[in-house]
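The values are calculated or read from the model by the stated rules, or taken from the named source; none is laboratory data. Please read these numbers as outputs of a predicted model, since none were measured by experiment. Here Cβ is always computed from backbone atoms with ideal geometry, including for glycine, and neighbour counts include all displayed protein chains.
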Amino acid sequence: MAAPRDSGTFLARIRRLTGLCVRRNIRGTQVHMQIRNVAIIAHVDHGKTTLVDKLLSQSGTFRDHQHVAERAMDRNDLEKERGITILAKCTSVVWKDTRINIVDTPGHADFGGEVERILGMVDGAIVLVDAAEGVLPQTKFVVGKALARGIHPIVVVNKVDRQDSRADEVHNEVFDLFAALDATDSQLDFPMLYASGRQGWADTTMEGPRKDLSAMFDLIVSHVPEPTVDRDAPFAMVASILEYDNFLGRVLTGRIEQGTAKINMQVKVLHADGKTVETGRLTKLLSFRGLERITVDEAFAGDIVAVAGLSEGTIPDTICAPEVAAPLPAIPVDPPTLAMTFRINDSPLAGREGKKVTSRQIRERLFREAEGNVAIRITDSTGETDAFEVAGRGELQLGVLIEQMRREGFELAIGRPRVLTQINPDTGAREEPMEEVLCDVDEPYSGVVVEKMSRRKGELRDMRPSGGGKVRLTFNIPSRGLIGYHGEFLTDTRGTGIMNRLFAGYGPWKGALEGRRNGSLISTEGGETVHYALWYIQERGTLFVNPGEKIYQGMILGEHSRGSDLEVNPIKEKKLTNVRAAGKDDAMLLIPPRKISLEQAIAYVEDDELVEVTPTAVRIRKRYLDPNERKRFEKRSQEAAA
């Protein structure tokens with residue numbers, strides 16, 4: 001009797017000969033599995049992650065009756081809480097005889113760096129556009145990046161089941177967008193689907209059966225090309241995503257551009273300039289199967305994989321066989337436009353609420369973040385000791401980083417955001433980052449929005465009705481003019497307005513902007529706030545604190561009703577006497593304080609103020625807690641301005 005064939009060895013031999021993924025069907029015969037790599041790109045909240053949920057479900061990735069959380073790809077706690085995608089993530093599904101690697105990307109402009117590098121490891125893209133909202137700033141950004149890469153996108157008009165759907169108009173808007181972005185004739189001839197990601201169907205026409213997503217699966221297989229790779233060359237891939245795993249350590253994800261990766265193979269890491277960063281072995285080789293990463297013995301050119309075992313390789317280094325001499329080309333990422341100063345917390349309450357308080361711990365955490373997030377840049381602050389300048393794409397991106405750090409036990413002091421300017425090499429003039437802003441507001445509120453934006457140096461470029469009694473306003477405005485404006489915008493529009501923004505390049509410096517109109521209520525003492533004292537202080541402005549909260553000298557307790565700062569004593573007790581008036585103390589009612597979130601606090605502070613961030617609290621304070629030091633700082637500032 002013949003010895004049984006070693007199926008694992010047989011499969012490995014077939015893979016080496018064909019260079020394709022191979023799977024076994026129910027009859028035991030070998031079936032060559034082709035690969036398609038596709039990214040889903042769209043503006044924020046246009047339904048990317050929900051659509052991926054349905055693609056996973058209908059491809060048979062989940063077992064029958066398996067409970068899967070909504071937006072399963074959003075695994076980060078902040079992603080679940082905010083309902084947005086922050087980190088790009090990979091998954092894969094099998095449709096017929098094709099493995100489709102799908103990359104879910106962020107939709108917010110602040111995380112555009114994630115989208116840019118992801119496009120380097122896919123061959124196709126699904127552009128999702130809301131059937132009611134239409135083309136928005138981030139749609140323009142991601143489509144422009146995809147077209148520049150030579151990708152021929154598939155356009156999906158999503159949420160056509162909305163009552164305010166205008167699918168045909170949105171189709172025309174997308175065509176106009178492609179034309180405005182100088183798409184080629186073949187890119188302009190894009191395939192089109194109408195879909196409802198929540199209901200789980202997609203069809204080529206509005207009158208389709210609305211049954212499932214098979215039309216989308218078939219279109220991906222037929223329209224997205226196979227990876228153009230060299231299977232016979234030595235192994236090489238560009239790292240596009242960096243993660244940290246408690247068991248595996250650093251995990252780098254990317255597409256294999258050439259050759260074959262094998263577990264425990266010897267590799268080296270090349271920097272973009274060709275220098276060798278390190279040498280090592282691939283201790284783990286992971287392939288994506290649904291929501292899981294499984295260990296494989298080898299993977300081939302064209303597939304998206306994750307590797308472990310390297311201690312220094314990062315984004316966008318080239319991981320390759322020892323005989324490879326030059327790094328693979330990597331996509332350049334747009335530079336940061338906004339910076340904040342991260343300092344150690346030196347308040348009187350420092351070290352009481354967090355475990356990670358030293359500058360060394362903060363430095364290590366920030367530089368580790370910069371390794372995996374190419375849109376963030378970390379430098380040592382030139383003006384302060386134990387401080388670091390963190391530059392990124394916007395307030396949301398840096399706010400998410402701060403929130404992650406406070407949940408990890410860090411204590412920080414954060415300075416006011418400031419924009420990063422540049423000098424025009426031709427004219428020598430100072431330039432600042434500009435934003436294109438789209439505001440959808442009810443008609444009665446359009447006037448106040450135009451007025452507020454003009455005060456912030458915004459220029460109205462377009463104004464048109466968008467249906468349903470709403471008006472769409474398009475502005476060009478300096479990035480610094482939008483710092484702290486979003487909350488005011490929601491107040492002015494009674495919570496009904498929607499504001500979307502996109503980095504639009506650099507423009508001439510627009511001059512000084514008016515700052516915060518109200519001063520601060522500053523504590524003169526330390527201790528715990530007293531109901532009696534706060535009752536008198538609330539007449540002078542809006543409080544940020546409750547009775548019984550720990551405070552210190554120089555901490556900001558609220559917003560003054562006037563333009564100047566006011567020093568107050570929040571721990572003053574009521575003097576005891578033998579005389580009592582019935583019911584007098586009962587009338588001392590406090591107005592509920594205004595609780596400020598982390599993002600609101602960052603936008604609120606002025607240049608002489610800081611945000612104290614700990615795992616349990618967010619406080620606002622003066623940079624110099626001692627009143628005499630504050631006066632000396634104000635004097636120096638006035639002399640410098642003169």
Output for Cβ contacts, cut-off 7 Å, separation at least six or different chains, first residue in contact (Cβ under 8 Å) with a residue 24 or more places away in the chain in region 372-399, second among the basic types (K, R), reads V374/R117; A375/R393; E384/R343; D386/R343; A387/R343; F388/R363; A391/R377
Taking the options E606, E639, name whichever one is at pLDDT below 90, out of contact with any His (no Cβ under 6 Å at 6 or more places or on another chain), assigned to a loop (DSSP other than H, G, I, E, B) and not assigned by TED's automatic domain parsing to the domain that holds G481.
E606
Could you tell me how many of the residues in region 458-490 are at pLDDT 85 or above and either assigned by TED's automatic domain parsing to the domain that holds H43 or among the polar types (S, T, N, Q) (or both)?
3
So which residues in region 168-216 are aliphatic (A, V, I, L, M), closer than 21 Å to K140 by Cα and either touching a Ser or Thr at 6+ places or on another chain (Cβ under 6 Å) or crowded, with 19+ Cβ neighbours inside 10 Å (or both), if there are any at all?
V170, V174, L177, A183, L193, A195
Let me spell it out: the conditions are (1) assigned to a helix (DSSP H, G or I); (2) over 23 Å from E599 (Cα atoms); (3) modelled with pLDDT of 90 or more, and R365 meets all of them except one. Which number is the exception?
(2)
Test E443 against the stated conditions and say whether it is in contact with a Phe, Trp or Tyr (Cβ under 7 Å, 6 or more places away or on another chain), touching a residue at least 12 places away in the same chain (Cβ under 8 Å), outside the structural domain of R166 (by TED's automatic domain parsing) and among the acidic types (D, E).
no
Which members of region 253-272 meet the condition of being modelled with pLDDT of 90 or more and hydrophobic (A, V, I, L, M, F, W, C)?
I256, A261, I263, M265, V267, V269, L270
Which residues, taken from region 483-531, are of a type in the set (F, W, Y) and crowded, with 17+ Cβ neighbours inside 10 Å?
Y485, F489, F503, Y506
Condition test on T318, is it surrounded by fewer than 22 Cβ atoms within 10 Å (Cβ to Cβ) and on the phi < 0 side of the Ramachandran plot?
no
Taking region 533-555 and the residues there that are buried (at least 16 other Cβ atoms within 10 Å of the Cβ), of a type in the set (F, W, Y) and under 28 Å from L576 (Cβ atoms), the one that is modelled with the lowest pLDDT would be W535
In this structure, is A617 among the small types (G, A, S), modelled with pLDDT of 90 or more and surrounded by fewer than 16 Cβ atoms within 10 Å (Cβ to Cβ)?
yes
